[in-house]
Structure formats: structure tokens, C-alpha cells
Amino acid sequence: MPVWECDPATMKGRCCRRNWSCSLIVAALVGAFGSSFLYGYNLSVVNAPTPYIKAFYNETWYRRHGQPIDPDTLTLLWSVTVSIFAIGGLVGTLMVKMIGKFLGRKYTLLVNNGFAISAALLMACSLQAGTFEMLIVGRFIMGVDGGIALSALPMYLNEISPKEIRGSLGQVTAIFICIGVFSGQLLGLPELLGKERTWPYLFGVIIVPALAQLASLPFLPESPRYLLFEKHDEAGATKAFQTFLGKADVSQELEEALAESRVQRNLRLVSVFELLRAPFVRWQVITVVITMASYQLCGLNAIWFYTNSIFGKAGVPQDKIPYITLSTGGIETLAAIFSGLVIERLGRRPLLIGGFGLMALFFGMLTVTLTLQDQAPWIPYLSIVCILAIIASFCSGPGGIPFILTGEFFQQSERPAAFIIAGTVNWLSNFVVGLLFPFIQKSLESYCFLVFATICIAGAIYFYFVLPETKNRTHAEISQAFAKRNKAHPPEVKADSAMAEEKANSQPETDPSSTLDSYGQNRIV
């Protein structure tokens, strides 16, 4: 059992356990509620009001042109409405490094609320204004918010977390994505906001988490690593460590960060192209690309396409399907919470490999049940079980760990560029799935799930042979774990070795950053 340690004299009333405080938990919850929650919410919120939004498009078109909208034009407008969210996400991802360099992690999240609030107002007022373009532009801006959030939030959580609970705290991102999806499904029920005249309020709800984050996050510290590395504010970093770790003596954590800071003293933030060319992070980059691609291409989005039809074939009345669909959001949330509870015990690697492996297994079973669903009345119910099992398998590992690994693989100067690469792959893969899946489904029908099973198996095999366990490891230790495969040691390893040798020979200690001078002052860490 963990031991509670509270010293009123030094902690000023903060409750702490081991080496973290309530401030750390509040920062994670508030950050995720105003960020990844909104991403999840906007993934599902468009499903329930689809017929009403299409009717609004048709009505607006008729008022402008004096004739009903062509069905193909309506399909195109609706496709743009849904898919432009991913385009906005890509734009937001590309903006993160520029914004974060000047504002830091916390203030990037705060400024990002401006996108969420403006998007909420545009979408909520579109029906009253009679302008469907406001809804489309609002979806794009909301995508920008999501792109910034899914990069800035994992960076913030990674940098404020002790390594002992870095995985659990990082999993908060995935948990709130799932809660957001479930909330969108719940509020979209006809008894709540999923009605013809109230659907704009579904989009107006977005303003609540944004305002909650604006009201609370300013009272929490900035990332101590950002303060130390990029602002050179050692006093501010010490105070931030004390607040987040819940103890007065943070000398050990500060020394670990300072050791990295000395190595990077003369080094700048690297660009995306420099990170792609750096030999000592080559396999980290490849692993992040494959992880993010697998995250989007594993077929979970295809499951949502099939859910309603499978529930219908199982005998669920059409008007009851939205309520049964809530079970998928509930399973998502429970599985993500389970992953957060066990990730520090089991590690990232088993959850990721096991999650993709189980998804491949259940995709295979789903293919069989869909093929034989007319053979017996109970077979469609097996399809429902397979759907829920696929969702649970995804959220227990692959649903959140990719964001954690991106933060863990890279040092401070590399991290913003790494999240740009990860986010770009994430959003482009999302767009590709939305673009190509209808054609795959039309060509292969129920056998399309075998394509996703193959992707899941390939991902699991790659992670088995390449991915090291990152649980409870420092960033330097993780870099060393990749060094043999990269066939190049990161410069900080060389610096640490040189310093250790000097100490052994009882020579005066030199600045580790000096070992980098001959390597090149502006090279990558």
C-alpha cells in the first residue's frame, strides 16, 4: 500500500503520496478536459444530428437557389463537413512548435481554448444564421484545436510527471478522448440535444470545457523542464517541481534535469528535417511513425461504420440503436481506465503488443460471424461481442500509448519536432482511412476486416522485435536502449561517459557540454 506523506509546514496543505501531489493530478485532469476530451467529443458529436444537418443544408440551398440541392452535392458537402476536421488537425499539429517555442506548454493549451470557443460559437449559431458554411469553418477550427491539443497536452503531461507514474498520467489523454466520445453519444440522444431544433447546442457545449480550462489552468505551474531548458529559469523550475512532486526537496529531480540541461546548453530546438536525418534517433522516429500509423489504420474507425448495421441485424429496433451504441463508448472508457491503472505494472510494450494482437484475433472472428450471420439467429450477437472486444482491445493499449511513447523517446530539444511528425502521421492516416475505407468496404465487403487484422499483426510483430520497454526509465536510458539499433550513441551518452572517466581519475570536473563543441555547436541532441 502506498504511504501518504503530508507535511503542513512544507506542503502548505497539499496532499501528496510518494513523490506526486494533488496539483499534478489537477493539472492532468484540467488539461485533458479542455483538450483531449474535446477531440473525442468532436469525433462522435456529428453522428446523431446527421439527418438534421443534411436537412439544414438542403433548406439553405433551396432558399439561395430556389431548388433542392443535388444529392451528389449534398454528399460532397457532408463529406467535407466530416473530413475537414482532420485537415484542421494537421494544420494545428504544424503550428505547435511555433506556438510552443514562445508560449510554453501550459500557455499553448490556454491559447488553444480560443480556437475551441470561436469554433463553438460558429457552429452553434450556424442554424440561426442560416449559413452552413459557418458549421464547416467551425469544424475546421475545431480540428486545429485538436491538432494543437494532441501534441501540447502529451508534452505537458510527460514533462511534469515523475517517471514512476509517467505512463499512468500520460494515459489520461486517452481516457478523456474516450469520455469525450461517450459524452458526444450521450448528449446526441433524442431526449437530450439530438433533436431537430436543438442540435446546434451539441456544438455549443464545446465552450464549457474550454472555459473550465481557462479558469483553472493559469493557477498551475508551467512545465519545469520547459522553464529549465528553454527559459533557463532554474528557480521557476525548482518551484514547479516542488508543486508537482508535492515535496520540498526536489534536488534529485532537478539534478537529473540539469544533467540533461548542461549537455543541451548550446543546442537549439531541432527542426523536423534535422530530426529525420539524425542517426541516433532514427529508430525512435521510425517507431513513432509506425505506432501512429497503426493507431489510425488498425480499423477502429471502420468499426463505427459497421456498428449500426450489425446491431440492426441482431434484431435491435432502429430507434433503440443509439442507446445500445452507448455501450461502445462505455467500453472504451472502462478499457482506457484499466490501461491507466495497470500500465506502470505491465509496461507499455505488453499492452501495445497484446492490444494489437487481440484486435487481429477479434477482427478475424468478426469476419467469420459477418460471413455466417444469416445461418443462425444468434450469430449476429457474436458480431456485437466481437465489436465490443475490438474496442476494448484498442483502448487497453494502442488507444493511448502512442502519445506516451512520443514524449518518452525524445529529449527536450527534439520533442516538439517529434510531436509534429507524430501528429502529421496521425492526421494524414485518419484522412486516408476516411477516404479509402468506403472503396475497401465496397470491394471486399465483410472481408475488409482482414485488411485491418493484417495491419494489427504487422504492428504487433514490429513492436515485439523493435520496441524497448520504457517503463520507469529516464529519457537518457531510453536513448541508450535504441543506441545499438541506431548504431550511433546520442551525444549526451558520450558526455556522461567522459565525465565519469574524469571523476574516476580524480581530475577536475568539466562541463559536459564542452564535449559537444567539437561535434558541432548546433547539432542535434
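Side notes on the structure shown:
- Condition met for Ile303 (buried (at least 22 other Cβ atoms within 10 Å of the Cβ), modelled with pLDDT under 85, of a type in the set (A, V, I, L, M, F, W, C) and within 15 Å of Asn47 (Cβ to Cβ)): yes
- Condition check for Arg485: in contact (Cβ under 8 Å) with a residue 12 or more places away in the chain, of a type in the set (D, E, K, R) and more than 27 Å from Ile99 (Cα to Cα): yes
- Of all residue pairs spaced 6 or more apart or on separate chains, those with beta-carbon atoms under 8 Å, a first member in segment 170-182 that is on the phi < 0 side of the Ramachandran plot and assigned to a helix (DSSP H, G or I) and a second member that is open to solvent by 30 Å² or more (accessible area, probe 1.4 Å) and among the β-branched types (Val, Ile, Thr) are Ile175/Ile337.
- Count of segment 59-73 residues which are assigned to a helix (DSSP H, G or I) and buried (at least 18 other Cβ atoms within 10 Å of the Cβ): 2
- Scanning segment 185-230 for residues that are open to solvent by 40 Å² or more (accessible area, probe 1.4 Å) and of a type outside the set (A, V, I, L, M, F, W, C) returns Pro190, Glu191, Lys195, Glu196, Arg197, Tyr201, Pro218, Glu230.
- The set of residues in segment 364-398 that are of a type in the set (S, T, N, Q), over 30 Å from Glu469 (Cα atoms) and outside any helix (DSSP H, G or I) comprises Gln373, Gln375.
- Checking Lys239, Lys247, Lys195, Lys231 one by one, the residue that is under 30 Å from Met123 (Cβ atoms) and of a type in the set (Lys, Arg) is Lys195 and no other.
- Only a single item in (1) under 15 Å from Leu341 (Cα atoms); (2) open to solvent by 10 Å² or more (accessible area, probe 1.4 Å) is not met by Gln171, and it is number (2).
- Residue list for segment 228-266, filter: modelled with pLDDT of 80 or more, within 20 Å of Phe102 (Cβ to Cβ) and of a type in the set (Gly, Ala, Ser): Gly236, Ala237, Ala240
- Looking only at residues of segment 330-359 that are open to solvent by less than 20 Å² (accessible area, probe 1.4 Å) and in contact with a Lys or Arg (Cβ under 7 Å, 6 or more places away or on another chain), we find that the one that is farthest from Gly184 (Cα to Cα) is Gly347.
- As a summary of the residue check, Thr424 satisfies the conditions (1) polar (S, T, N, Q); (2) open to solvent by less than 10 Å² (accessible area, probe 1.4 Å); (3) part of a helix (DSSP H, G or I); (4) closer than 21 Å to Gln171 by Cα except for the one numbered (2).
- Scanning segment 89-142 for residues being touching a Phe, Trp or Tyr at 6+ places or on another chain (Cβ under 7 Å) and of a type in the set (S, T, N, Q) gives a total of 2.
- The set of residues from segment 240-254 being open to solvent by 30 Å² or more (accessible area, probe 1.4 Å) and under 15 Å from Cys22 (Cα atoms) comprises Gln242, Lys247, Ala248.
- Contacts under 6 angstrom Cβ, first residue in segment 240-257 being without any contact (Cβ under 8 Å) to a residue 60 or more places away in the chain, partner assigned to a loop (DSSP other than H, G, I, E, B) and open to solvent by less than 50 Å² (accessible area, probe 1.4 Å), 6 or more apart: Phe241/Val250; Gln242/Val250
- Once segment 380-416 is narrowed to residues that are out of contact with any Phe, Trp or Tyr (no Cβ under 8 Å at 6 or more places or on another chain) and aliphatic (A, V, I, L, M), the residue that is nearest to Ala453 (Cα to Cα) is Ile391.
- Within segment 461-474, considering residues that are hydrophobic (A, V, I, L, M, F, W, C), in a helix (DSSP H, G or I) and under 14 Å from Val289 (Cα atoms), the one least open to solvent (accessible area, probe 1.4 Å): Phe463
- Residue within segment 132-143 that is in a helix (DSSP H, G or I), farther than 21 Å from Gln213 by Cα, open to solvent by 10 Å² or more (accessible area, probe 1.4 Å) and of a type in the set (Val, Ile, Thr) present: yes
- Among residues of segment 427-446, those that are at pLDDT 85 or above and open to solvent by 30 Å² or more (accessible area, probe 1.4 Å), counted: 1
- Residue list for segment 362-392, restricted to those being out of contact with any helix residue (DSSP H, G or I) (no Cβ under 7 Å at 6 or more places or on another chain) and either surrounded by 22 or more Cβ atoms within 10 Å (Cβ to Cβ) or in contact (Cβ under 8 Å) with a residue 40 or more places away in the chain (or both): Pro377, Tyr381
The values are calculated or read from the model by the stated rules, or taken from the named source; none is laboratory data. Quick caveat, the model's predicted, so the values are computed rather than measured. Reconstructed Cβ throughout: ideal geometry from the backbone, glycine too, with neighbour counts over all protein chains shown. For the accessible areas, the whole protein counts, side chains as well, though only heavy atoms, and no ligand, DNA or RNA atoms are used. Shrake-Rupley method; radii C 1.70, N 1.55, O 1.52, S 1.80 Å.
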